[in-house]
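*Asks:* Pasting a structure here, questions to come.
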Amino acid sequence: MKLWWKLTVDWPCALGDWLWANLVVAPAMFLDWLTIRRAARIILQFALVVAFLLFFEQIAALHLASLFAIDANAYLDLFVAIFLLASRGQVLQVATRKIWRSLQNWSKMPLRFGARRRRDATRREEGVDSSKQSDDEPAAWHGTVQVFA
């Protein structure tokens, strides 16, 4: 009689209690716990999981050569970043040395770029060479080559 009671009453009642607890009470408690902010968070998390699954599907569908090219480009970018980080000290030293050298020569710059005269023009003014040779003459064509007089 005990076995029959267990099989016909206890187990179906236990199954009914479990179904009631998990299919009726648990969703009701979830809805009581749920607020707008929590619902938005759950929807956002679900959307992110779906997006990551779509991204994975796109990557899994790529051709192997495309994946290798993406990987090689990533390694190239990584090596360039490492090179730039390693060489930034030398670049700064060279740049500061150049700037310092140009600032030291600042007083000599007006003399260097000031009043320059061309050599032929000074010869003509002094009367050393009376012939008409200067850089102002047009170029002469000699065959296929342009020759300056």
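*Asks:* Identify all residues within region 90-109 that are more than 30 Å from the chain's Cα centre (by Cα) and of a type in the set (Gly, Ala, Ser); write none if there are none.
*Replies:* 102, 107
*Asks:* Also, I was wondering about something else. Any residue at all in region 30-43 that is over 52 Å from the mean Cα position of the chain (by Cα) and of a type outside the set (A, V, I, L, M, F, W, C)?
*Replies:* no
*Asks:* Taking region 23-59 as the region of interest, how many residues are assigned to a helix (DSSP H, G or I) and open to solvent by less than 70 Å² (accessible area, probe 1.4 Å)?
*Replies:* 11
*Asks:* Considering only residues that are farther than 27 Å from residue 59 by Cα and hydroxyl-bearing (Ser, Thr, Tyr), look in region 70-112 and name the one that is modelled with the lowest pLDDT.
*Replies:* Applying the filter and picking the extreme gives 107.
The values are calculated or read from the model by the stated rules, or taken from the named source; none is laboratory data. If you're wondering where the values come from, they're calculated on a predicted model, not measured in any experiment. For the accessible areas, the whole protein counts, side chains as well, though only heavy atoms, and no ligand, DNA or RNA atoms are used. Shrake-Rupley method; radii C 1.70, N 1.55, O 1.52, S 1.80 Å.
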